[in-house]
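The values are calculated or read from the model by the stated rules, or taken from the named source; none is laboratory data. Bear in mind the structure is a predicted one, so any value in this text is a computation, not a measurement. Quick reminder, even Gly has a Cβ in these numbers, built from the backbone with ideal geometry, and neighbours come from all protein chains shown.
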Amino acid sequence: MFKTISMIGLGYIGLPTATLFASRQKKVIGVDVSERAVSTINQGKIHIIEPGLEALVRIAVQDGYLRATTTPEPADAFLVAVPTPFKDGHQPDLSYIESASKAIAPVLAKGNLVVLESTSPVGATEQMAAWLAEARPDLSFPHQAGEDADIQIAHCPERVLPGKVVEELVTNDRVIGGMSDKASQMAVALYKTFVEGECIVTNARAAELCKLTENSFRDVNIAFANELSMVCDELGVNVWELIALANRHPRVNILQPGAGVGGHCIAVDPWFIVSSVPEQARLIRTAREVNDHKPEWVLDKVKAAITDALADKPGNVMADIKVACLGLAFKPDIDDLRESPALAITTQIAKLGCQVLAVEPNIESLPAKLSGSNVELNPLEQALTTADVVCVLVKHRSFIESVQDISRAPLIIDAAGLVN
Ligand code: SAJ
């Protein structure tokens, strides 16, 4: 049924998904607005970091199954995996979906399936159908003709974990929400090309809310852990020990507090529920606020430690204080600094005027945001030798291996539960 598949958006989700179709001998046309991404992929290389992906892309391109372009071409199925950030006031920004819809509309043909994979507010798939219908009045769509529509449309949210994308794309179950039964059945057939998990059929709105629910569930649970860390600090209880103890209960499973919630998913998606039903989604909103507040709380702790360190320094000069920030990534063992609380905290510490020794074993150079003259990227051992204050912001594996050395630091703010 699907000889040629087109993936619109070749980012963290689109590229691995396109590559998996290509690895199953499907002809895949990848489309992206970035010429750099397109030319990198056409050389068999990748412009993002994801374990196991580069080798698959190289083979797919070499064997002629994957090709990238900036202009959409006709295909049997179109998958849209473009960003859905939020605008001011946490309102969802569907402009990338709108642009993608307008870009593919001219090449759509009777019998095509269009799948929206981007995490979206409830109603976005119907909105995409409306944009397509507006651009192609000569074709019929499911909101007009149901099962008999020329173009079938479904929502099939991605739900893979960055760092494990290639594996989880194959093994995770998929929720498939067609705008008609036919759309769902077509989408199941499409994903079964490489998905070994179950493909569960529902409608588009339920599929949209399901994805938002999964990430909101995690956000609420992390917020509970982060709130506990602040409660424990006030009450003089070690939160890491407390959680380990409480988790001995057979029906309690508390997540881990941290420097805050980062990345492009969990810190964003719950707002899509809040913005559509603000009166009802009060817990989800509060969880977002608790998690968004956590980096400021950590920063206050670091400031207090710096004040203590200053008191011990002859001359009391801020520029003489060295603060080691362990971890910049948004979570352990990845190089992704997008929406990273650790990066935000480190940037704020640098603004205080002290010397910042940033330790991030997963990157080779500092991001522009951190490029001040008082910030340098250091190997762990070097930072530990001179730091007056050590802040543990991310629990990278390599830090766990050096926990003895880290715990000898004169002043430690441990947001990640490494030394406790
Ligand atoms: N975090 C904590 N404490 C924890 C767990 C996580 O503070 O106990 C923090 C992390 O450090 C990070 C943030 O939360 O800053 C998010 O990390 P994550 O590992 O929970 O999730 P993501 O953003 O990498 O991926 C999530 C996943 N969703 C769920 O687990 C429900 C993934 O399956 C989704 O596909 C992805 O969002 C997405 O694309 O939506």
Note: among Asp269, Asp292, just one is farther than 17 Å from Lys331 by Cα, not β-branched (Val, Ile, Thr) and not assigned by TED's automatic domain parsing to the domain that holds Gly163, namely Asp269
Checked region 145-194 for anything among the basic types (Lys, Arg), within 16 Å of the ligand (Cβ to nearest atom) and at pLDDT 95 or above; matches are Arg174
Only one of Ala60, Ala77 is crowded, with 20+ Cβ neighbours inside 10 Å, at pLDDT 95 or above and closer than 27 Å to Ala129 by Cβ, namely Ala77
Restricting region 267-280 to residues that are of a type in the set (Val, Ile, Thr) and away from the ligand (no atom under 14 Å from the Cβ), the one surrounded by the fewest Cβ atoms within 10 Å (Cβ to Cβ) turns out to be Val277
Looking only at helices (runs of 4 or more DSSP H) that fall completely inside region 348-420, which ones have 1 or more residues that are among the basic types (Lys, Arg)? 397-401
Please determine, by comparing only the residues of region 308-338 that are away from the ligand (no atom under 16 Å from the Cβ) and among the basic types (Lys, Arg), which one is farthest from Asn374 (Cα to Cα). Lys313
Ala77 vs. criteria touching a Phe, Trp or Tyr at 6+ places or on another chain (Cβ under 6 Å), closer than 17 Å to Val31 by Cβ and away from the ligand (no atom under 16 Å from the Cβ): yes
Scan region 215-266 for residues that are in contact with a helix residue (DSSP H, G or I) (Cβ under 9 Å, 6 or more places away or on another chain), away from the ligand (no atom under 12 Å from the Cβ) and assigned to a loop (DSSP other than H, G, I, E, B) and jot them down. Val237, Asn238, Val252
Search region 331-359 for residues being modelled with pLDDT under 95 and in contact with a Lys or Arg (Cβ under 7 Å, 6 or more places away or on another chain), and hand back the single one that is farthest from Ile412 (Cα to Cα). Asp333
Checking the conditions here, which among Val394, Val390, Val403 is crowded, with 21+ Cβ neighbours inside 10 Å, more than 16 Å from the ligand (Cβ to nearest atom) and at pLDDT 95 or above? Val390
Scanning region 26-53 residue by residue, the ones that are closer than 17 Å to Leu169 by Cβ, surrounded by fewer than 19 Cβ atoms within 10 Å (Cβ to Cβ) and modelled with pLDDT of 95 or more total 1
Filtering region 284-300 down to residues that are under 18 Å from Met230 (Cα atoms) and aliphatic (A, V, I, L, M), which residue is farthest from the ligand (Cβ to nearest atom)? Leu299
